[in-house]
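Engineer: Please see the structure below; I have some questions.
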Amino acid sequence: MNREFKRYMYIIGTICIIFLVGSIILHILPWLLIAGVVVYIVMKIVGFFREKKRKKNLNSYYRKDKDNEVYSAPVDDYTTGEIIDVEYEDVEKK
């Protein structure tokens, strides 16, 4: 009888703990959802301003140097070496 009583107590204890944890999670879940939405909105706003600042910095010109010459560096104008023209042949013709 003692073994069966322990077994039932463990089952009842486990069910009570699962019910208690589930109840706590269900009470906290709406607050977590609200906090998640707020964090998402804040991150979107911060990302918008960072992207706007980044685009402004990419398109701006450097300050005038000592000789009063303006140096501009467009983002798309860069080359690391000579450009090689490659001719392609159809494999199906051979």
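Engineer: Within segment 46-67, can one find any residue that is of a type in the set (A, V, I, L, M), surrounded by fewer than 10 Cβ atoms within 10 Å (Cβ to Cβ), assigned to a helix (DSSP H, G or I) and at pLDDT 90 or above? Lay out the reasoning, then the answer.
Structural biologist: Just the residues of segment 46-67 that are of a type in the set (A, V, I, L, M), to begin with: 46, 58.
Checking the rest, the ones that are also surrounded by fewer than 10 Cβ atoms within 10 Å (Cβ to Cβ) come to none.
No, segment 46-67 contains no residue that is of a type in the set (A, V, I, L, M), surrounded by fewer than 10 Cβ atoms within 10 Å (Cβ to Cβ), assigned to a helix (DSSP H, G or I) and at pLDDT 90 or above.
Engineer: Any residue at all in segment 69-76 that's surrounded by fewer than 10 Cβ atoms within 10 Å (Cβ to Cβ), in contact with a Leu (Cβ under 6 Å, 6 or more places away or on another chain) and at pLDDT below 70?
Structural biologist: Within segment 69-76, one or more residues are surrounded by fewer than 10 Cβ atoms within 10 Å (Cβ to Cβ), in contact with a Leu (Cβ under 6 Å, 6 or more places away or on another chain) and at pLDDT below 70.
The values are calculated or read from the model by the stated rules, or taken from the named source; none is laboratory data. Source: prediction; values computed, not measured. Heads up, the Cβs are rebuilt from the backbone with ideal geometry, glycines too, and the neighbour counts pull from every protein chain shown.
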